[in-house]
């Protein structure tokens, strides 16, 4: 039987704990992701930052990073990334995703209002009736007069005052409901 060297590992021994090797590149990618997360935290307004669950040291570091400029800010973001390595980043990432998603939802709703406005102008009373069924708090007469005014403005090549007013009215009534 051959003698086992002192520094040799017996890979056939199943009782030993499995070792998971992580490449240096993967460690660097993870650190870079955490720095990007830290940079997005630094870019948040104070009001939005309050909604993100941060521990005290991390919150202080982010607030300092918001006040710094140029190279000092870059170094502070690196430090924030280092702090993030020591804490659970899932709740922080979820809070940021929620903040970003609400912005996208709001943008989608504003685009929907523009489409509704175009339908009102093109289809007239039929579109107004459909919209009234979906949003009964709308004022039918006001919508009709705004649509008529928009059509007259287009005929006479005047500034689109009523066109803009339709959008503002829809935004006020639909987004508040």
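Read-outs throughout are calculated quantities, based only on the coordinates presented, and are distinct from any laboratory measurement. Just so you know, these numbers come straight off a predicted model, no measurement behind them.
Structure summary
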{"item": "Gained length - residue 112 relative to residue 86, 0.36 nm times residue gap less alpha-carbon distance", "result": "5.1 nm"}
{"item": "Ratio Rg/Rh, restricted to the stretch 92-177 and using Cα atoms, in which Rh is the Kirkwood radius", "result": "1.10"}
{"item": "Rotationally averaged projected area of the stretch 51-108 (alpha carbon convex hull; nm²)", "result": "4.7"}
{"item": "Kirkwood Rh, Cα atoms: Rg over Rh of the stretch 24-87", "result": "0.97"}
{"item": "Net length gained if the chain between residue 133 and residue 24 were fully extended (0.36 nm per residue, minus Cα distance)", "result": "33.2 nm"}
{"item": "Diffusion constant of the chain at 20 °C, which comes from Stokes-Einstein with the Kirkwood Cα-pair radius and 1.002 mPa s, µm²/s", "result": "98"}
{"item": "The chain: calculated mean residue ellipticity at 222 nm from DSSP helix runs of at least 4, using -39500 (n - 2.57)", "result": "-24000 deg cm²/dmol"}
{"item": "Candidates 58, 120, 49, ranked by Gaussian network fluctuation over the chain, Cα under 10 Å, top entry", "result": "120"}
{"item": "Segment residue 119-residue 102, extension gain: residue separation times 0.36 nm, minus the distance between their alpha carbons", "result": "3.5 nm"}
